Structure formats: C-alpha cells, structure tokens
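Comments concern the structure below.
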Amino acid sequence: MRIPMIAGNWKMNTTSAEAVALVKEMRPELDQIDNVDKVICPPFVSLAAVKELLKGSSIKLGAQNLYFEEKGAYTGEISPLMLAELCQLVIIGHSERRQYFNETVETADKKVKAALKAGLKPILCVGETLKENEAGKTEEVLTRQLSSPSARSYYLSGLTLAYEPIWAIGTGRAASGEQANQTIGFIRRHITRQCGREIAQSVRILYGGSVTAANIAEFINQPEIDGALVGGASLKANEFLSIVKQTSSFKRGK
Ligand code: 13P
C-alpha cells in the first residue's frame, strides 16, 4: 500500500518572513490530516526558520535542490550534509533546473546518490517537453531519465518520482487525469522491467503540473497516481490545504 504524498514546491518564492507566515497559517489544519505525507519545500534560506516552526508537526520539510559534493570549494552551492541537518527530503532534477541550470540525467543521478548517502529522501522529477510530447517521444525521454544503473537501490531506499510534463508546469494547462495515469503507468512498467514487480509496486509516483484544488481529484482518483508535486497552488494556504484534504479522503476510500 503506497501512502500518497502531496509536496509543495515553493520555487523561488517567499522571503523568510513570508515563509514563516505561510507555515503558521497552514500548520494547525495540516497537522489534523492523516493518510497523506505532507511536504513543503521552501527556499534554502527559510529552511532553518521553518524547521523550528515544524517541531512536533507531522509536516515534512524538503529542499528544492542540492549539490552532489559533501563540502569544498563550490561557491554558492549547498551540500547534502548541510541539508540533512535541516530537512528530510529534497527535490532533484526539476525541469527548471534542467532548463535554466544545465542539469542533465548524469548530474541528477549524482545528486540522488549524494542525497541518499546523507539520509535525505529524494523526489526525482522527470518529464518531457511539449516538442518531445508532440513528436511521440515521451516514453523515450522518460526511459532515458530513468536509466540509472543504481535505480534498484534508489527505489529500495525510498526515492519518490514526480512525473512533470514540462508543458503543464506553470501554464495552467494540466495533463488530464487519464493522460497522467497512462504515462505514470508506463513509468511503473519501466520500473517493473528494470527492478521487478515488487519494487515497481512500492515506488511512489506523483503527478506535477498546474495542480490546483479544483483539479486534484482528477489525478488522485487514478490508480497509478500517488499524489502531487504542487507549484503555484502550494503558495496559497487554502488551496494547498484543500489539495491535501481531498487527497486524504480519496485515498481512504480506495
Ligand atoms: P505548477 O503547479 O505551478 O504548474 O508547478 C509545478 C511544478 O513544477 C512543481 O514542481
């Protein structure tokens, strides 16, 4: 039985003061909701303050990126060891990192390895561009992004995947529930071929891309989809709470 996860990726939004205010607003209600792993991923600079606020809470804290070396002369970077003091999870390979910061399948793989070594649980993002989608290359792209020779050990260590079609991110043009379910089903079959059925059935795979309180039901209701990685809507307390609540009640009914 896979426990659903709703993770809020705040991206480069909120000052520390704003992050603290948003967490104070959401925490009391979020803490009441069970059957869902609730994760928030504020910017690096707010992690320490938010960690303090989340003492005794069931809300988990994640970062949005990391560097794969433990320490050294890498000006401006943040290491897995630094993050392990502050949070439990880390988003890796987000399409915005691949698009604007030249991250590749190889760097994402190094980051996953480094995160797990430090005891952080990665949320690895994969997904195709609009061009690749229209050219019928979605499965080829996903296969390449999920080709790590260490995949088996990653899944066994609790890596979560997030399928985020790039054309659906921040565009208001979400994939349909069926579309997302179909592609996530492909990912699960790929993992079955790679690592066997038992592992494939245990891996949590989220959908991400223009998820809101108005459309979450469409995704969470699908058998292959284990939750969502939410961008814009995770910055609004009421939206995020509603997404988490709906997920909790849907999965309970399954
Ligand atoms: P939006 O929900 O804003 O489309 O962003 C999705 C995303 O990139 C989450 O990581």
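The values are calculated or read from the model by the stated rules, or taken from the named source; none is laboratory data. Because the structure is a prediction, the values reported are computed rather than measured. Methodologically, a virtual Cβ is constructed for each residue, glycine included, from the backbone with ideal geometry; neighbour enumeration extends over all protein chains shown.
Which residues, counting only those in segment 162-178, are out of contact with any helix residue (DSSP H, G or I) (no Cβ under 8 Å at 6 or more places or on another chain), within 15 Å of the ligand (Cβ to nearest atom) and within 16 Å of Pro223 (Cα to Cα)? The answer is Ala162, and nothing else. When segment 179-230 is examined, which residues are found to be surrounded by 15 or more Cβ atoms within 10 Å (Cβ to Cβ), more than 16 Å from the ligand (Cβ to nearest atom) and basic (Lys, Arg)? Residue satisfying the conditions is Arg188 alone. Tell me whether segment 234-247 contains one or more residues that are aromatic (Phe, Trp, Tyr), farther than 21 Å from Asp31 by Cβ and at pLDDT 95 or above. Checked against the condition, which is being aromatic (Phe, Trp, Tyr), farther than 21 Å from Asp31 by Cβ and at pLDDT 95 or above, segment 234-247 yields no hits at all. Taking the numbered list (1) buried (at least 21 other Cβ atoms within 10 Å of the Cβ); (2) of a type outside the set (D, E, K, R); (3) touching a Lys or Arg at 6+ places or on another chain (Cβ under 9 Å) in turn, Ser79 passes all entries but (1).
Figure legend. Inter-residue proximity from segment 210-230: first residues under 10 Å from Ile243 (Cα atoms), second residues part of a loop (DSSP other than H, G, I, E, B), beta-carbon distance below 6 Å, spacing 6+ or different chains. Indicated pairs: Asn215/Ala174; Gly227/Pro4; Ala228/Val211; Val230/Val211.
Selection of segment 72-103 for residues being within 14 Å of Gly208 (Cβ to Cβ) and either more than 16 Å from the ligand (Cβ to nearest atom) or β-branched (Val, Ile, Thr) (or both) yields Ile91, Ile92.
For Val50, indicate whether it is more than 16 Å from the ligand (Cβ to nearest atom), closer than 15 Å to Ser234 by Cβ and touching a Ser or Thr at 6+ places or on another chain (Cβ under 6 Å). First the steps, then the outcome.
Working: more than 16 Å from the ligand (Cβ to nearest atom): yes; closer than 15 Å to Ser234 by Cβ: yes; touching a Ser or Thr at 6+ places or on another chain (Cβ under 6 Å): no.
No: the conditions fail for Val50.
Please verify whether segment 236-243 includes one or more residues that are touching a residue at least 60 places away in the same chain (Cβ under 8 Å) and touching a strand residue (DSSP E or B) at 6+ places or on another chain (Cβ under 9 Å). Scanning segment 236-243, I find at least one residue that is touching a residue at least 60 places away in the same chain (Cβ under 8 Å) and touching a strand residue (DSSP E or B) at 6+ places or on another chain (Cβ under 9 Å), so the answer is yes.
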